[in-house]
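Below you'll find the structure, written out as structure tokens, and then a few comments.
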Amino acid sequence: MADTRQSDERLTGLEVACDTEVSGCVFRMRTEVDDRDRLLEITRDHVSERHGTEYSLEEIDEQHVTEVEV
Ligand SMILES: [Zn+2]
């Protein structure tokens with residue numbers, strides 16, 4: 001069954017941008033709010049693999065994730 005509800009609400013997404021001390025990294029990801037955990041894990045893996053820096057998921061969540069309208 002199709003969902004015929006019209007949603008006037010603005011959808012909110014999450015965006016994370018890699019802004020570690022390493023300039024020139026263009027890692028940027030946008031996802032839906034429901035995918036927050038996955039976004040955090042992917043970002044953590046990126047920072048760990050590419051920059052050798054270990055962040056906790058909480059640190060990334062607090063410092064690097066911003067809510068955006070999609
Ligand atoms: Zn990066």
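Of note:
- Filtered by the rule that a residue be modelled with pLDDT of 80 or more and under 19 Å from Glu58 (Cβ atoms), the range 1-26 gives Leu14, Glu15, Val16, Ala17, Cys18.
- When restricted to residues that are of a type outside the set (Val, Ile, Thr) and out of contact with any Leu (no Cβ under 8 Å at 6 or more places or on another chain), the range 38-61 contains 13.
The values are calculated or read from the model by the stated rules, or taken from the named source; none is laboratory data. Keep in mind it's a predicted model, so treat the numbers as computed, not measured. Positions of Cβ are backbone-derived with ideal geometry, glycine not excepted, and every protein chain shown enters the neighbour counts.
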